[in-house]
Amino acid sequence: MARAYIGNTPCEVLADKDLGDTWAISVIPSKPSTPGEPFLSPLVMKLQGDDREKCVLGALEILQKAGKIDRFEV
């Protein structure tokens, strides 16, 4: 299972099949562990392709290059 990080916040990465050969890749931050810590919004990208793993990797690379996530593990 892939994992992404926004700062030190771990995020779950989900890949859901959308219409046709489109995948919706979601990066969902974990809930804040301390009061006052900001609540981060989920990130969603849609990519077209037959291979789920390649779409997940592609979406995470795009999000990292755009500065939306700091790092990821596949």
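What follows is calculated from the coordinates using simple rules that are stated; it is not laboratory data. A quick note: this is a predicted structure, and the numbers were derived from the prediction, not measured. Cβ: placed from backbone, ideal geometry, glycine included. Neighbour counts: every protein chain shown.
Overview of values
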read-out	value
Loop-located chymotrypsin sites (Phe, Trp or Tyr not before Pro) in the chain, at most 10 other Cβ atoms within 10 Å (DSSP)	F39
Degrees separating the helix 52-65 axis from the principal Cα axis of the chain, which is the longest one	50
Helix-only mean residue ellipticity at 222 nm for the chain, each DSSP H run of n ≥ 4 adding -39500 (n - 2.57), per residue, nearest 500	-6000 deg cm²/dmol
Identified option (computed mean projected area of the Cα convex hull in nm²; candidates (i) 4.8; (ii) 10.2; (iii) 8.4)	(i)
Given charges at beta-carbon only (K, R positive; D, E negative), |dipole| of the chain in Debye	180
Among L43, L57, L19: highest mean-square fluctuation, GNM of the chain, C-alpha pairs under 10 Å	L19
